[in-house]
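What follows is a short report on a single structure.
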Amino acid sequence: MRLGNTTVISVINLKGGVGKTTAAVNIAATLAKRQFQVGSVMKPAKVLLIDLDPQSNASLTLLDEETYNSSKTIVNLFRHEFGRDDTEETYDLDEIRVTPLPDLNLDLIPSGLDLFDIQDELAKFQRYYLSATDILFNALNKLRETDEKAYTHIIIDCPPSIGLVTLNGLSLSRYYIVPTLLDAYSHWGLNKIIERVNTLKRCKASCAVELLGILFSRVDKTANLENDRWEKEFKNWEKKAYYFLKEQYKSSSVPLAFSTQISNADVIRKAQSEHCPLISYQPLNGNIRLAKERHQKEWDTLVQEILERLRYKK
């Protein structure tokens, strides 16, 4: 599905611990510092980060205990849809939308632990005019209609599964990114993700989501021999994967993996402890500040590569 001129990207993986939420938060934040051509003028980006993961790590990265309100999360949207009839309006996401940091054009729709319970209820959801996979899209359309300033990008942090909550994100997305580790199991589960996404597209004609790229994250860049070995194994898998993606990748000249790899860095955890993405982190210690600048360059390079792929695919 398309949401006006907004570029919607889901970040997904079946496994936890692969840097999925870190990627979603820092891609969104780095995009939010960019400017984009709108007609003949350059305008600042406006980014919306949607936390669909019940573990709520993206929300807790950006909100501290005082600003995080567990009663105002994405759960409210689904609960409202379960209880309303077709004569009522859909839920207004403006009720739960927050702007966590004053230095970023970044809004957040937080998640909550009660989202764990939503999955089972979605499986039983029946509505004459509304599919269980279109609840989020329906609400975002209403938000777009009432918001004076449209989003340039929406980034969705999905749970580590491809259940109905994740399908709400994928159904409205134009692209998806899969963060994974560079190790013996780097491509484990990727076939299943591609297979499930392709099944969604076959069953839902309005869904046009495509793989934008696979992101190697939390990489130990000192382990050169091991990294070379796992990259070769990934390349062997990649050759087979093009068969499953032949409609999206007309040739194997476009690599499935981003060339930018995100290193495993302690400074990310320091930024998270201050409830901010890396780009907004302002450490006082000089060594930590240098580490932050080095690591932020990786995110800047990744976002540039993402934007180049988006231009290529248009």
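Taken together, the criteria exclude Ala150 from residues that are over 30 Å from Glu231 (Cα atoms), without any contact (Cβ under 8 Å) to a residue 40 or more places away in the chain, in a loop (DSSP other than H, G, I, E, B) and of a type in the set (Gly, Ala, Ser). Which residue pairs have Cβ atoms under 9 Å apart, sit 6 or more places apart or on different chains, and have a first residue in the range 197-212 that is more than 19 Å from Val254 (Cβ to Cβ) and a second that is at pLDDT below 90? Correct list of pairs: Lys204/Met1; Ser206/Met1; Ser206/Arg2; Cys207/Met1. Is it true that some residue in the range 225-243 is open to solvent by 10 Å² or more (accessible area, probe 1.4 Å), touching a residue at least 40 places away in the same chain (Cβ under 8 Å), aliphatic (A, V, I, L, M) and out of contact with any His (no Cβ under 6 Å at 6 or more places or on another chain)? No, the range 225-243 contains no residue that is open to solvent by 10 Å² or more (accessible area, probe 1.4 Å), touching a residue at least 40 places away in the same chain (Cβ under 8 Å), aliphatic (A, V, I, L, M) and out of contact with any His (no Cβ under 6 Å at 6 or more places or on another chain). Within the range 57-74, one or more residues are within 21 Å of Lys124 (Cα to Cα), in contact (Cβ under 8 Å) with a residue 24 or more places away in the chain and open to solvent by less than 10 Å² (accessible area, probe 1.4 Å). Check whether at least one residue in the range 255-276 is open to solvent by 10 Å² or more (accessible area, probe 1.4 Å), outside any loop (DSSP other than H, G, I, E, B), farther than 19 Å from Gly17 by Cα and out of contact with any Asp or Glu (no Cβ under 7 Å at 6 or more places or on another chain), and report yes or no. Checked the range 255-276: no residue is open to solvent by 10 Å² or more (accessible area, probe 1.4 Å), outside any loop (DSSP other than H, G, I, E, B), farther than 19 Å from Gly17 by Cα and out of contact with any Asp or Glu (no Cβ under 7 Å at 6 or more places or on another chain).
Restricting the range 202-215 to residues that are touching a helix residue (DSSP H, G or I) at 6+ places or on another chain (Cβ under 9 Å) and either of a type in the set (A, V, I, L, M) or assigned to a helix (DSSP H, G or I) (or both), the residue that is most open to solvent (accessible area, probe 1.4 Å) is Ala208. One residue stands out among those in the range 114-131 that are within 19 Å of Glu89 (Cβ to Cβ) and either among the aliphatic types (A, V, I, L, M) or open to solvent by 80 Å² or more (accessible area, probe 1.4 Å) (or both): the one that is nearest to the chain's Cα centre (by Cα), which is Leu130. Of the residues making up the range 18-42, those that are open to solvent by 10 Å² or more (accessible area, probe 1.4 Å), touching a residue at least 12 places away in the same chain (Cβ under 8 Å) and on the phi < 0 side of the Ramachandran plot number 6. Counting only residues that are touching a residue at least 24 places away in the same chain (Cβ under 8 Å) and open to solvent by 60 Å² or more (accessible area, probe 1.4 Å), the range 92-104 holds 2 of them.
Go through the residues of the range 78-91 one by one and say whether even a single one is at pLDDT 95 or above and buried (at least 18 other Cβ atoms within 10 Å of the Cβ). Looking through the range 78-91, at least one residue is at pLDDT 95 or above and buried (at least 18 other Cβ atoms within 10 Å of the Cβ).
Residues in the range 174-186: is at least one within 20 Å of Phe78 (Cβ to Cβ) and of a type outside the set (D, E, K, R)? No - not one qualifying residue is present in the range 174-186. Only one of the numbered conditions (1) surrounded by fewer than 18 Cβ atoms within 10 Å (Cβ to Cβ); (2) in contact (Cβ under 8 Å) with a residue 24 or more places away in the chain; (3) in a loop (DSSP other than H, G, I, E, B) is violated by Ser111, and that is (1).
The values are calculated or read from the model by the stated rules, or taken from the named source; none is laboratory data. The structure presented is a predicted model; accordingly, all values stated were derived computationally and were not measured. Please note: Cβ atoms are built from the backbone with ideal geometry, for glycine as well, and neighbour counts cover all protein chains shown. Please note that ligands, DNA and RNA were not included when accessible areas were found on the heavy atoms of the full protein model with its side chains. Shrake-Rupley method; radii C 1.70, N 1.55, O 1.52, S 1.80 Å.
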